[in-house]
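The values are calculated or read from the model by the stated rules, or taken from the named source; none is laboratory data. The shown structure was predicted, so the numbers you read here are calculated from the model rather than taken from an experiment. Note that we place each Cβ from the backbone using ideal geometry, even for glycine, and neighbour counts take in every protein chain shown. Remember, those area values only see protein heavy atoms, side chains included, never the ligands or the DNA or RNA. Shrake-Rupley method; radii C 1.70, N 1.55, O 1.52, S 1.80 Å.
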Amino acid sequence: MNSKRISILLTHLGLWILPLLQVAHTAPPPPVECLSTSGYGCTVSSTYGVWPDRSTCKVAKVLYPTTEQELVAAVADGVKNHTKIKVVSKYSHSIPKLVCPGGDEGMLISTRDYARTIAVNTSSLTATVDSGVELRELVDGIAAHGMALPHSPYWDGVSVGGLLSTGAHGSSLWGRGSAVHEYVIGMRLVIPASPEEGFAKIIELVEGDEDLNAAKVSFGVLGVISQVTLTLQPLFKRSVTNNFTSDDGLEDNIAPFGLQNEFGDVLWYPSMGKAIYRVDNRAVNTTRGDGVNDFIGFRQTSSVFAELRRSAEAQVALFVELGAGLKNNDFVFTGYPVIGYQNLIQTAGNCQNAPDENPPELVCAWDPRVKGLFFHQTAVSISISQISSFISDVKKLRDADPSSLCGVDLYSGFFMRYVKKSTAYLGKTEDVVDIDITYYRSDKATTPRLNEDVLEEIEQMALFKYKGLPHWGKNRNLGFENVTSKYPDLPKFLDVRRRFDPQALFSSEWSDAVLGIVPEGVSILKDNCALEGLCICSEDRHCAPDSGYFCKPGHVFRDARVCRYNASLSEPLTGDRRCGSDLQSQM
């Protein structure tokens with residue numbers, strides 16, 4: 001092993017093993033901060049600290065119910081006073097402004113303390129849980145009864161209500177698929193009611209009720225989810241092997257791979273020409289193995305290393321060699337396959353499980369209190385029938401300038417998961433590959449990124465050429481542009497919204513724009529708006545002409561309009577443009 005590789009190994013060991021030391025650590029900051037301890041005069045943010053448009057979201061007050069009776073009282077209070085209402089989870093993990101009521105007189109209902117119930121019925125293979133229950137509490141709670149939730153998102157800090165409202169998922173085309181809402185067979189909602197009914201009431205939906213198809217992915221506009229009943233399976237084991245290989249033939253392999261592997265996913269590093277195929281299937285329960293998923297990106301990270309992480313050279317082969325966070329037991333990775341029970345493999349995360357300390361020493365890598373990961377995230381689902389063509393188009397862009405996607409590879413490349421056609425009105429309209437692309441966001445809204453145009457072209461290509469569906473809990477504004485045309489059951493959803501909440505108290509300017517209720521749309525046209533995904537450029541001023549970035553057509557998708565750097569019209573960019581260099585030095 002050469003000295004450079006040893007140096008990289010030590011850097012990564014510092015990032016991944018130092019968090020295990022017994023030093024002070026702290027949970028993510030609360031999303032709601034108030035001027036008074038009684039919950040008045042508040043602001044709400046996402047866990048990343050900044051909304052896509054960098055605005056401040058103000059609310060008049062926040063309530064923290066602990067029982068369903070208190071939850072009903074909270075909704076009744078808002079309805080009686082004609083107040084806009086939004087629900088926020090403990091960590092507010094979504095990127096768009098889903099929890100912002102608008103204006104500064106709205107109210108929040110937090111489900112932080114509404115997480116007491118996990119009632120497992122082993123005879124019916126079901127569990128009924130409060131909406132504020134965190135995913136880790138759910139999967140471990142049901143595993144104690146010998147039960148398993150077949151699929152889940154990959155970070156275990158999300159709440160049950162939050163992950164359902166945004167359509168969160170794992171990866172599978174088998175059975176009911178990987179979206180958690182496909183396993184919902186019952187739901188209790190608190191919705192507005194007449195004065196005679198006390199201003200709020202509980203409705204109960206069960207499998208077979210058409211309205212459940214709206215409530216399963218609700219965008220937070222139907223009311224407050226109180227409890228959810230999920231169908232389960234007997235606890236099972238999984239066997240996982242990560243294969244690191246060339247991306248040759250990825251466009252041909254991607255669809256068959258999903259059909260062949262029940263829990264498979266793919267990490268594609270386009271600038272390196274590499275891919276990690278996660279071969280992930282059930283194993284017989286008697287198979288030896290006590291594996292756990294302690295994914296590196298979700299571990300408690302030293303606040304010092306969280307800053308270094310943005311410029312550390314990506315070493316994907318090393319990532320795989322060290323198990324990518326998988327362990328064969330509670331302590332160490334010894335080799336593939338990693339075999340373990342479903343609750344210990346399906347999801348990961350411990351960075352959020354820490355007491356408050358000031359100043360923070362161990363944090364989630366995205367904690368806004370330290371200069372850690374600050375990023376945009378584009379998450380778009382493309383039809384299985386179209387995914388091969390999309391990958392081929394991305395390769396054309398990559399082959400024209402391999403360095404143009406180095407920044408993406410520093411942020412885990414293109415993360416591709418499989419999601420099956422949904423029964424939910426706002427779920428997937430066909431079998432898809434969901435592609436998550438995480439990439440650098442500048443500290444300043446007016447500062448362009450290196451190779452700004454390439455990622456903008458890929459984003460627009462996915463959304464418009466291939467008619468991709470946005471993830472409701474991720475994406476920049478433009479991800480939701482004209483999204484209503486992609487959901488044929490949207491009228492059914494809006495009918496349920498009108499019946500459940502006729503005064504639209506749970507709706508906001510943001511949700512109305514996304515759902516097409518108002519004609520203005522989600523774009524915000526102003527100087528530099530395209531740099532942050534607030535608009536698609538139509539004029540040079542939407543880019544950064546003073547920095548040499550001008551609005552131009554795409555190279556492969558000619559209908560795209562992107563902010564492209566013209567070196568002849570500005571000062572040269574500093575920094576090394578080669579893959580593996582510190583690409584953030586220009587920012």
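With r defined as the distance between the Cβ atoms of residue 233 and residue 116 and R0 fixed at 30 Å, what FRET efficiency is calculated, to the nearest 0.05?
0.75
Taking R0 as 35 Å, what's the FRET efficiency between residue 421 and residue 40 from their Cβ-Cβ distance, rounded to 0.05?
On the way: r = 45 Å, r/R0 = 1.29.
Working from the Cβ atoms, E equals 0.20.
With θ set to phi - 60° and the Karplus curve 6.51 cos²θ - 1.76 cosθ + 1.60, what are the ³J(HN,Hα) couplings of the stretch 339-351 in order, to the nearest whole Hz, using x for Gly and Pro?
My calculation for the stretch 339-351 gives 10, x, 6, 3, 5, 8, 10, 5, 8, 8, x, 9, 5 Hz in order.
Checking the cross-link filter: which aspartates and glutamates have an alpha carbon closer than 16 Å to that of residue 58, excluding same-chain neighbours under 8 positions apart?
Residue 58 reaches 33, 104, 105, 509.
Can you compute the FRET efficiency between residue 499 and residue 321 using 1/(1 + (r/R0)^6), with r the Cβ-Cβ distance and R0 = 60 Å? Round to the nearest 0.05. Present the calculation step by step, with values, prior to reporting the outcome.
On the way: r = 55 Å, r/R0 = 0.92.
That gives a FRET efficiency of 0.60.
From largest accessible area down, sort 204, 459, 539; use a 1.4 Å probe on the protein chains. Mind showing how you got there, number by number?
Working: 204 115, 459 5, 539 85 Å².
Result of the area sort, largest leading: 204, 539, 459.
What is the extension gain from residue 81 to residue 67, computed as 0.36 nm multiplied by their sequence separation minus the C-alpha to C-alpha distance, in nm to one decimal?
Working: separation 14, 0.36 × 14 = 5.04 nm, distance 2.16 nm.
Full extension of this stretch gives 2.9 nm more.
Divide by every residue of the chain the summed helix terms, -39500 (n - 2.57) for each DSSP H run of at least 4, and state the resulting mean residue ellipticity at 222 nm, rounded to the nearest 500 deg cm²/dmol.
Values: 14 runs with 119 residues, N = 587.
So the helix-based figure for the chain works out to -5500 deg cm²/dmol.
Residues with beta-carbon under 9 Å from that of residue 460, excluding residue 460: net charge, scoring Lys, Arg +1 and Asp, Glu -1? Can you show the working numbers first?
Working: positive: 465, 561; negative: 456, 457, 459, 559.
Around residue 460, the charge tally is -2.
Distance check, please: which entries in 486/526; 86/274; 396/421 exceed 31 angstrom between their Cα atoms? Before the final figure, lay out each step's value.
Details: 486/526 27 Å; 86/274 43 Å; 396/421 29 Å.
Flagged as over cut-off: 86/274.
Distance in nm between label sites at residue 105 and residue 285, each 7 Å beyond Cα in the beta-carbon direction?
5.8 nm
Give me the accessible area per residue for the stretch 93-226, probe 1.4 Å, as a whole number in Å². Can you show the working numbers first?
On the way: 4150 Å² over 134 residues.
The answer is 31 Å² per residue.
Just subtract the alpha-carbon distance of residue 525 and residue 125 from 0.36 nm times their residue separation and send over the number in nm, one decimal.
On the way: separation 400, 0.36 × 400 = 144.00 nm, distance 5.09 nm.
That works out to 138.9 nm of additional length.
Is the shape of the stretch 254-305 best called rounded, prolate or oblate, per the rule: a/c under 1.5 gives rounded, else a/b larger than b/c gives prolate, else oblate, with a ≥ b ≥ c the square roots of the Cα gyration tensor eigenvalues? Provide the component values of the computation, followed by the final result.
Details: a/c = 3.42, a/b = 1.15, b/c = 2.98.
It comes out oblate by the Cα gyration axes.
Could you pull the accessible area for residue 276 with a 1.4 Å probe, rounded to 10 Å²?
10 Å²
Under a crude label model (7 Å from the Cα following the beta-carbon direction), how far is residue 176 from residue 489 in nanometres?
Going from the residue 176 label point to the residue 489 one covers 1.4 nm.
Near residue 287, within a Cβ-to-Cβ distance under 12 Å, what is the net charge of the other residues, with Lys and Arg +1 and Asp and Glu -1? Could the numbers behind the result be given before it?
On the way: positive: 237, 238, 282, 288; negative: 290.
Net charge around residue 287: +3.
Count the net charge of all other residues whose Cβ sits under 9 Å from the Cβ of residue 58, scoring Lys and Arg as +1 and Asp and Glu as -1. If you can, show how the numbers build up before the last one.
Numbers: positive: none; negative: 104, 105.
In short, -2.
Just to confirm my numbers, what's the Cα centroid distance between the stretch 493-557 and the stretch 238-278 in Å?
For the stretch 493-557 versus the stretch 238-278, the Cα centre distance is 33 Å.
Roughly speaking, what is the stretch gain from residue 259 to residue 540, that is 0.36 nm per residue apart minus the C-alpha to C-alpha distance, in nm to one decimal?
On the way: separation 281, 0.36 × 281 = 101.16 nm, distance 4.47 nm.
Net length gain for the segment: 96.7 nm.
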